[in-house]
Each structure stands twice: as C-alpha cells, then as structure tokens.
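Student: What follows is a structure written as structure tokens; I'll ask about it next.
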Amino acid sequence: MPNIPEEPVYAVASALPTKALIGILCTAVIAVIIHYMSPLRLIGILIAAINEAEETYIEAHGAGLLLNETEMLYILQLRHRVSATIEETLRNSLSWRAALRDFLGGRTFILLRCIREVQIFETRIKILTETELRTESNLNPRAFFLRRRGITRVAQFRT
C-alpha cells in the first residue's frame, strides 16, 4: 500500500526546488494581473459603467433636473470618446498580434481612464440631484422623503 502524505501541498512544495516554486508563483501572479487588466474584460466594465451613468442621467432628467449646455456638450464628447475607444479595442481584439500590441501600448490605462471619467460624470449628476432634492426639501420637508423613495406622483395627488 503506497504511503500518501497528509499534506500534499507541503509535499509538492518541499519536493520542488525553491527557484521553480518562485517561478510558478510569479507566473501565476502575472497571469492573474493580465486577466484582470485585459482590454476585453475592461470593456465589459466600461459598458456597465456607461449603463449605470445613463440610468442615473435618465432618473435625474425625469425628476426635472436640467443640465446646462456645458454638461450636455461634455456628455456628447464623453459618449463619442468612449464609443471610439470601445470600437478600436474590439477591432484590435480580432487579431492576437494587434491585441498584444494594444495591451502593451497602454490600452488598459486608456480604458481605466474612460471608466473613471464615466464614474465621475455619474457622481456629478448624483450631486446635482441631491442638491435639487435638498432645495426642494427646504420648500416642503415631506417632499424630500417622498422624492427619495420615488413616491412623487402619490404625493402630488394628495397635496
């Protein structure tokens, strides 16, 4: 009957030379970093961030928050820049050479910057919405809580 060690990981680690174990661990860490920084994965995160920002914008617009022309121009420029970045990344992903050149050329950082800009835009809309809610709450304290819960139509019929 073969002798099975109780701690298989320790047995394998002690059987391997230290340099080989360090090499395996470094390769695994690099593979995980490349996976999480891959442009195709970041495109999914960027699209999700855009969808969230658009929902926030639609909610704010539905609540009666109107943005000035500077904000509208910023929205259009951001939408165009993000769309162009996504399109170029998807085109480059068709060829492994272009995808590697894209990755090594810093496409990851461009996508991370776009994600951050979209999140900043969403935060600015939320700040404007909160400012509007606070202004309304100064006029009618009950409106603040009803508006926060999304019960504005019921409150309008009762008043």
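Student: Go through (1) of a type in the set (Gly, Ala, Ser); (2) in a helix (DSSP H, G or I); (3) at pLDDT below 80 and name the single condition Gly44 misses.
Tutor: Exception for Gly44: condition (3).
Student: A follow-up question, please. Any idea which of (1) touching a Ser or Thr at 6+ places or on another chain (Cβ under 7 Å); (2) free of Cβ contacts under 8 Å to residues at least 40 places away in the same chain is the one Ala31 doesn't satisfy?
Tutor: Among (1) touching a Ser or Thr at 6+ places or on another chain (Cβ under 7 Å); (2) free of Cβ contacts under 8 Å to residues at least 40 places away in the same chain, the lone unmet condition for Ala31 is (1).
Student: Tally up the residues in region 31-87 that are closer than 23 Å to Glu130 by Cβ, surrounded by 14 or more Cβ atoms within 10 Å (Cβ to Cβ) and of a type in the set (S, T, N, Q), please.
Tutor: Total satisfying the criteria: 1.
Student: Also, quick follow-up: Which of the residues spanning region 92-120 are loosely packed, with under 12 Cβ neighbours inside 10 Å, in a helix (DSSP H, G or I) and more than 17 Å from the chain's Cα centre (by Cα)?
Tutor: Across region 92-120, the qualifying residues are Trp96, Arg97, Leu100, Leu104.
The values are calculated or read from the model by the stated rules, or taken from the named source; none is laboratory data. All values derive from a computational prediction rather than experimental measurement. Note that each Cβ is placed from the backbone with ideal geometry, even for glycine, and that neighbours are counted across all protein chains shown.
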